[in-house]
Amino acid sequence: MSALLWLGLALLLAPALWLLVVPLRHAGAERDALAAEHAAARHRHLAEYRRRRAALDGVRARGEIDAAAHAAGCLELERALLDADRAAPPGSPETPLRPARAGRRLVVALLCGVAALSLLGYIQFGAEPALARHVQLLEAAARLDEASAGGR
């Protein structure tokens, strides 16, 4: 009986464990993907800055704008580059993610909590009270049998 109880509890806890562990297994890959995405975005921003700066320097070299306009244009390009870095996605160096292993202790604590709640629920609402009543009924029936056997 006890072995079946523990087997049943293990079968009930297996889906809970699966729901808690699967996201943690994918956390490292997710973190790497976000870091690669941020590096690619930063590379694109720098390439755009260099392209626009070269165009601005070319306009200045042709004499189409004066030094003050060139300096203002360069300042605007630098501000745009800084703004692009400030709007960094999660996982970038500016807004780092926690390490992929960060939630593993929480998973163990949650799993133990789910197991404890399952056991308490079983004790409170499960077969235990019904089994106790059944044992009482069997004892009462045995006493009745003894009383009827003694009365013969």
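The values are calculated or read from the model by the stated rules, or taken from the named source; none is laboratory data. All values reported here derive from a predicted model rather than from experimental measurement. Cβ coordinates were reconstructed from backbone atoms using ideal geometry, including for glycine residues, and neighbour counts include every protein chain displayed.
For region 31-47, filtering for residues that are surrounded by 14 or more Cβ atoms within 10 Å (Cβ to Cβ) and either without any contact (Cβ under 8 Å) to a residue 24 or more places away in the chain or in contact with a helix residue (DSSP H, G or I) (Cβ under 6 Å, 6 or more places away or on another chain) (or both) leaves 1. Of everything listed in (1) free of Cβ contacts under 8 Å to residues at least 12 places away in the same chain; (2) more than 30 Å from Leu111 (Cβ to Cβ), the single unmet condition for Pro15 is (2).
In this entry, Leu81 is excluded by the filter for residues that are farther than 30 Å from Val114 by Cβ, at pLDDT 80 or above, touching a Leu at 6+ places or on another chain (Cβ under 8 Å) and exposed (fewer than 15 other Cβ atoms within 10 Å of the Cβ).
Residues are listed down the side, and each one gets a yes or a no for (1) within 17 Å of Leu117 (Cβ to Cβ); (2) within 26 Å of the chain's Cα centre (by Cα); (3) not in a helix (DSSP H, G or I); (4) not β-branched (Val, Ile, Thr):
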site: Leu4; (1), (2), (3), (4): no, no, no, yes
site: Leu12; (1), (2), (3), (4): yes, yes, no, yes
site: His26; (1), (2), (3), (4): no, yes, no, yes
site: Glu30; (1), (2), (3), (4): no, yes, no, yes
site: Leu34; (1), (2), (3), (4): no, yes, no, yes
site: Leu46; (1), (2), (3), (4): no, no, no, yes
site: Tyr49; (1), (2), (3), (4): no, no, no, yes
site: Arg52; (1), (2), (3), (4): no, no, no, yes
site: Asp57; (1), (2), (3), (4): no, no, no, yes
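Being more than 25 Å from the chain's Cα centre (by Cα) and modelled with pLDDT of 75 or more holds for only one residue in Leu117, Leu131, and it is Leu131. For region 92-102, the count of residues that are assigned to a helix (DSSP H, G or I) and modelled with pLDDT under 90 is zero.
Just checking, how many residues over region 134-152 are modelled with pLDDT under 80 and either surrounded by 11 or more Cβ atoms within 10 Å (Cβ to Cβ) or not in a helix (DSSP H, G or I) (or both)? Going through region 134-152 one residue at a time, the tally reaches 2.
Would you check which residues across region 62-78 are part of a helix (DSSP H, G or I) and surrounded by 10 or more Cβ atoms within 10 Å (Cβ to Cβ) and list them?
Ala69, His70, Ala71, Ala72, Gly73, Cys74, Leu75, Glu76, Leu77, Glu78
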